[in-house]
1. Need at least 1 residues that are closer than 30 Å to Glu36 by Cβ, at pLDDT below 80 and among the β-branched types (Val, Ile, Thr) per element, so show me which helices (runs of 4 or more DSSP H) inside region 60-133 make the cut, counting only ones lying wholly within it.
2. Condition (residue is at pLDDT 95 or above, aliphatic (A, V, I, L, M) and assigned to a helix (DSSP H, G or I)) applied to region 13-31: is it met by at least one residue?
3. Out of region 45-96, which residues are loosely packed, with under 14 Cβ neighbours inside 10 Å, in contact (Cβ under 8 Å) with a residue 12 or more places away in the chain and of a type in the set (Val, Ile, Thr)?
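The values are calculated or read from the model by the stated rules, or taken from the named source; none is laboratory data. Not measured: the values here are computed from a predicted model. Quick reminder, even Gly has a Cβ in these numbers, built from the backbone with ideal geometry, and neighbours come from all protein chains shown.
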Amino acid sequence: MASIFGFKSRNPARDRQTDVSRLDRLAKLFEQIGAEIEAERGGLENRYRTKATNAAFLVEEMENGSASDRRLSEVTSLTKSILNCEQRIAALSRQNGLIKELRHSLDMVFDEDGAPDSAVHSEFARPAGAGRR
């Protein structure tokens with residue numbers, strides 16, 4: 001496209017496609033990071049349940065007076081581990097919330113730039129291999 005001043009600009013459709021491509025890459029990155037957070041959180045929650053179960057059995061042993069000195073020394077270790085797990089799970093929940101907010105913001109930026117046709121929008125909104133959240 002040329003103007004009377006000799007300035008040439010790109011075709012708006014080409015600009016739009018560049019934007020869609022860039023935003024799609026960002027959306028996929030957010031999906032990947034979100035999946036990483038969820039995987040870490042799931043593994044941590046499994047370990048947390050194991051630690052909590054071990055602690056419950058240890059408390060039962062202590063109440064019955066059958067806990068050995070070695071087992072009694074595990075109380076501090078289990079307590080610290082459980083507290084660390086709780087803190088990390090909370091941090092991961094905050095991170096996951098932030099990723100979801102960023103992903104939503106990305107959709108809002110895309111929508112503000114002009115509503116694309118449904119084929120382009122659905123391709124952008126749902127990156128390959130990912131469902132819309």
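1. Working: elements: 69-72, 74-112, 118-125.
In region 60-133, 118-125 are the helices (runs of 4 or more DSSP H) which contain 1 or more residues that are closer than 30 Å to Glu36 by Cβ, at pLDDT below 80 and among the β-branched types (Val, Ile, Thr).
2. yes
3. Once the filter is applied, which keeps residues that are loosely packed, with under 14 Cβ neighbours inside 10 Å, in contact (Cβ under 8 Å) with a residue 12 or more places away in the chain and of a type in the set (Val, Ile, Thr), region 45-96 yields only Thr79.
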